[in-house]
1. Can you pull out the residues in segment 204-232 that are more than 13 Å from residue 22 (Cβ to Cβ), of a type in the set (A, V, I, L, M) and under 14 Å from the mean Cα position of the chain (by Cα)?
2. Look through 55, 30 and report the one residue that is farther than 30 Å from residue 135 by Cβ and modelled with pLDDT of 90 or more.
3. What number of residues within segment 166-185 satisfy the criterion of being β-branched (Val, Ile, Thr) and either more than 24 Å from residue 211 (Cα to Cα) or not in a helix (DSSP H, G or I) (or both)?
4. Across segment 75-117, what is the number of residues that are in a loop (DSSP other than H, G, I, E, B) and under 27 Å from the mean Cα position of the chain (by Cα)?
5. Quick one: residue 60 ticks every box in (1) modelled with pLDDT of 95 or more; (2) over 23 Å from residue 161 (Cα atoms) except a single one, so which number is it?
6. Would you mind stating whether residue 193 is surrounded by 15 or more Cβ atoms within 10 Å (Cβ to Cβ), over 23 Å from residue 108 (Cβ atoms) and touching a Leu at 6+ places or on another chain (Cβ under 6 Å)?
7. Report yes if some residue within segment 209-224 is within 19 Å of residue 57 (Cα to Cα) and free of Cβ contacts under 8 Å to residues at least 60 places away in the same chain; otherwise report no.
Amino acid sequence: MALSPEKNDVDITALFEYRKPVTIHGKDKSELEVYMRVVGDSEIQKARVKALRASRDLRNKLKDHSSDEYMAFIPDISEANKERLIELTLLANLRDISSSVAKEIEIPFPEEPDSEATLEEQENYQKLLDEYPKKREDTVRTEILKRASEAKEELSKKTKPEIEYEYMISLKDELCEIEMTREFYDYVVFYSLFKDKSYKTPLFESFEDYGKLPGDVKEFLLQEYRNLELGLDELKK
């Protein structure tokens, strides 16, 4: 959920941001208005199943040294020294480290003063609200650097073959995580789009049709969907 220092601001338009029209701009300056809504739990589950299947499929292909995916994504590390292998392994693990820290770090939100608080107390409270996002960001960054340093120290105690093995495991996990996330949001966006204002007629007849969209259009639609999710998060808050 997005946290904002503008806690005291009230915007009733947020009540309607879980669905909205979206205008797609073509390279020939043409425009197409479509309709997007936040998807429901059943669609989220469908997207999750599709994403897990895609991740498993990629993982199986990465086990085959003759596959196109292995050749494309797995670098040749036969000439890498121990220091370089440690660096590569840390980079491959950075996503997991960052995700764990973001979930585990708990920084209490400033306690709101009571209704009889003085003006100065209210001012100080607002100052704490304004400073909260940076405070959390700095704390998360510090913890990530600390855990990365600890991981580096542990890796330095291992042999080169052990680090190579760990690197390959971490890299394949990272690649599968990226693939799962990409596939998940591709399906979520696919399920979110409609031709009509009543959100009855899907924009695409099949996922394959959605897949034919140019990459920049998919990226635009994904950003629009994430903005829609943020609006819904703020509404829930």
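1. 230, the sole residue that qualifies.
2. 55
3. Looking only at that region, the number is 1.
4. 7
5. Unmet for residue 60, out of (1) modelled with pLDDT of 95 or more; (2) over 23 Å from residue 161 (Cα atoms): (2).
6. Working: surrounded by 15 or more Cβ atoms within 10 Å (Cβ to Cβ): yes; over 23 Å from residue 108 (Cβ atoms): yes; touching a Leu at 6+ places or on another chain (Cβ under 6 Å): yes.
Considered against the rule, which asks whether it is surrounded by 15 or more Cβ atoms within 10 Å (Cβ to Cβ), over 23 Å from residue 108 (Cβ atoms) and touching a Leu at 6+ places or on another chain (Cβ under 6 Å), residue 193 comes out as yes.
7. In the first step, residues of segment 209-224 are kept if they are within 19 Å of residue 57 (Cα to Cα); the result is 211.
Applying the additional criterion that residues be free of Cβ contacts under 8 Å to residues at least 60 places away in the same chain yields 211.
Taking every residue of segment 209-224 in turn, at least one turns out to be within 19 Å of residue 57 (Cα to Cα) and free of Cβ contacts under 8 Å to residues at least 60 places away in the same chain.
Condition check ((1) loosely packed, with under 13 Cβ neighbours inside 10 Å; (2) at pLDDT 90 or above; (3) out of contact with any Gly (no Cβ under 6 Å at 6 or more places or on another chain); (4) within 28 Å of residue 150 (Cβ to Cβ)) across all residues:
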site: 81; (1), (2), (3), (4): yes, yes, yes, yes
site: 87; (1), (2), (3), (4): no, yes, yes, yes
site: 117; (1), (2), (3), (4): no, yes, yes, no
site: 128; (1), (2), (3), (4): no, yes, yes, no
site: 134; (1), (2), (3), (4): yes, yes, yes, yes
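The values are calculated or read from the model by the stated rules, or taken from the named source; none is laboratory data. What you are looking at is a predicted structure, and each value in this text was computed from that prediction instead of being measured. Backbone-built Cβ (ideal geometry, glycine too); neighbour counts: all protein chains shown.
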